[in-house]
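Below is one structure; the comments refer to it alone.
Values in this text are rule-based calculations from the coordinates and carry no lab data. Predicted model only: the values in this text are computed from it and were never measured. We place every Cβ from the backbone using ideal geometry, glycine too, and count neighbours over all the protein chains shown.
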Amino acid sequence: MLYQGLIERYRKYLPVSAKTPVVSLCEGNTPLIHSKVLSGVTGLKVYLKYEGLNPTGSFKDRGMTMAISKAKEKGVEIVACASTGNTSASAAAYAARCGMKSVVLIPNGNIALGKLAQAMIHGAKVLAVEGNFDDALNLVKEITEKYPIELVNSINPFRIEGQKTAAFEICDSLGDAPVFHAIPVGNAGNITAYWKGYTEYFQNKKSKTLPRMLGFQAAGAAPIVINKPVKDPQTLATAIKIGNPASWKLALAARDDSKGLIDSVTDKEIIAAYKLLASEGVFVEPASAASVAGVIKLNTQGYFKKQKNVPLVCTLTGHGLKDPNIAIANVSKPIIVKPQIKEIIKKIGF
Ligand code: F0G
C-alpha cells in the first residue's frame, strides 16, 4: 500500500478519530542515515534522522499534519503562527492543502530565504514584524485568543502529538530506543515531543529502553542553559534564534527525566558541524547542525568515554536548501572560466 503519512501509520497513538479529515502531504517516514564520520569521531553508532526530507523540508510537517487536520475537524478557516521560518512554511503548505487561510508572523529580516519563499508561494499572509521571534509569538498568542483564528505554534498540543512520531520511527528502525538522542532546541517543542514519543513507546512495550535527551541551543540564544530569558538573542542559526522558549518547562522535564542535558554550542561549532555533515553528503540548515556540534563538544569533554559502539541519534531538523546564503558564505566562490577545454582541464588540475 502507498505510504499515506504519519497519521495513518501511527493512528492508534494519535488523538484522531474516523471523523478527523486527515490533511497530509505524506510527511514522516524519513531516513535514519548511518554517519561514518561521526561514528568514527565518537566511537558510537551515530545515526542521522534526516528530517529535511519532509515535504516542506523540516520536521514541522509532522506537527502540522496533526494541527491542521484537527483544525479542519473543528471547522477552522484561518490558522496563524509566529515563526523563525520553518513553521510558517509548513503551516502555509498544509493550509493550502485543505483550502484554509494562513497568517504568519516572522521577525523582519531574520528568516532564511527558502522559508520565506515557501510561505509566500503557498499563499500565506506574511507579516514581517519589526521585532524578534519572541515578540511575534506574544502577538500571535494574543491575536488568536481574541479572534477566530487557530494557533498552530507548538503550544498547540496537536503539534507535539504529530512530532512525537519521529521517536516512534527511530525505535521501529533500530528495534529499540537509542542510548542517546541529540537535538537542537529553539522554542523547545521538539525535544518535548521526542521525549513524549519515547516515553509512550516504552510504556506501550514497543521499546525496552529510554534514551538520554541531549539538547543544544545556540550560545547567543541559550536561555535554558543560562537559566534566564535572553532579551536580544543572537546566532546565525536563525531557526533557533529564540530568547524565551514556549516549552521551557517541558524541555527541563525531558532533560531531567531522561537524565540528559541541555548545553550550548557556538556559531563557530555549528558551522564546523554543518560542514562536516556536508562532507559526508548530508546538507542541513545551520540550526540542524547544532545537534551534531553538541555531540562533538560532549565527545571532546569525554562525556561518551564509557560508551562504546552504542546507538546515538542526531535529529537533523531542516534541509540545507532552506538557507542557501549561509552555505555560499562558508565556501569558496565558483571559478569563472572561458568556454575552452584547455583552460577548464587546467583548473581541474591536470
Ligand atoms: N531546527 C529547525 C530547523 C527549526 O526550524 C527549529 C524551530 C528548531 C530546530 C527548534 O525546534 O523550536 O521545537 O525547539 N523552528 C521554529 C519555527 C521556531 O518557527 O520554525 P523547537
Kindly provide the set of residues from the stretch 230-265 that are more than 26 Å from residue 177 (Cβ to Cβ) and either assigned to a strand (DSSP E or B) or more than 15 Å from the ligand (Cβ to nearest atom) (or both), ordered by number. 231, 232, 234
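Specify the residue that is surrounded by the fewest Cβ atoms within 10 Å (Cβ to Cβ); the eligible residues are those in the stretch 90-113 that are in a helix (DSSP H, G or I) and within 11 Å of the ligand (Cβ to nearest atom). Give the derivation first.
Here is the first cut: in the stretch 90-113, the ones in a helix (DSSP H, G or I) are 90-97, 113.
Imposing the further condition that a residue be within 11 Å of the ligand (Cβ to nearest atom) reduces the set to 90-91.
Details: 90: 36, 91: 31.
Going through the qualifying residues, I end up with 91.
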Residue, surrounded by the fewest Cβ atoms within 10 Å (Cβ to Cβ), within the stretch 182-210, restricted to residues that are away from the ligand (no atom under 16 Å from the Cβ) and of a type in the set (Ser, Thr, Tyr): 209
Sole exception among (1) surrounded by fewer than 24 Cβ atoms within 10 Å (Cβ to Cβ); (2) over 17 Å from residue 209 (Cα atoms) for residue 159, by number: (1)
Odd one out for residue 41, checked against (1) touching a helix residue (DSSP H, G or I) at 6+ places or on another chain (Cβ under 8 Å); (2) part of a strand (DSSP E or B); (3) closer than 30 Å to residue 306 by Cβ: (2)
Quick check on the stretch 268-288: of everything there that is over 30 Å from residue 156 (Cα atoms) and not hydrophobic (A, V, I, L, M, F, W, C), which residue is surrounded by the most Cβ atoms within 10 Å (Cβ to Cβ)? 274
Just for the stretch 224-254: of the residues that are over 30 Å from residue 328 (Cα atoms), in contact with a strand residue (DSSP E or B) (Cβ under 8 Å, 6 or more places away or on another chain) and in contact (Cβ under 8 Å) with a residue 60 or more places away in the chain, which one is surrounded by the most Cβ atoms within 10 Å (Cβ to Cβ)? 254
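Out of all the residues in the stretch 149-181, which are in contact with a strand residue (DSSP E or B) (Cβ under 7 Å, 6 or more places away or on another chain) and more than 12 Å from the ligand (Cβ to nearest atom)?
In the first step, residues of the stretch 149-181 are kept if they are in contact with a strand residue (DSSP E or B) (Cβ under 7 Å, 6 or more places away or on another chain); the result is 149-153, 166, 170, 173-174, 178-181.
If the condition is that a residue be in contact with a strand residue (DSSP E or B) (Cβ under 7 Å, 6 or more places away or on another chain) and more than 12 Å from the ligand (Cβ to nearest atom), then 149, 150, 151, 170, 173, 174, 178, 179, 180, 181 are the ones that fit.
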Name every residue in the stretch 266-320 that is within 16 Å of the ligand (Cβ to nearest atom) and small (Gly, Ala, Ser), in order of residue number. 273, 278, 287, 288, 289, 290, 291, 293, 294, 318, 320
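For the stretch 202-215, does any single residue satisfy the condition of being closer than 23 Å to residue 106 by Cα, assigned to a helix (DSSP H, G or I) and out of contact with any Cys (no Cβ under 9 Å at 6 or more places or on another chain)?
Step one: filter the stretch 202-215 for residues closer than 23 Å to residue 106 by Cα, giving none.
Within the stretch 202-215, none of the residues are closer than 23 Å to residue 106 by Cα, assigned to a helix (DSSP H, G or I) and out of contact with any Cys (no Cβ under 9 Å at 6 or more places or on another chain).
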Selection count, the stretch 67-89, where residues are at negative phi, within 16 Å of the ligand (Cβ to nearest atom) and out of contact with any Pro (no Cβ under 8 Å at 6 or more places or on another chain): 11
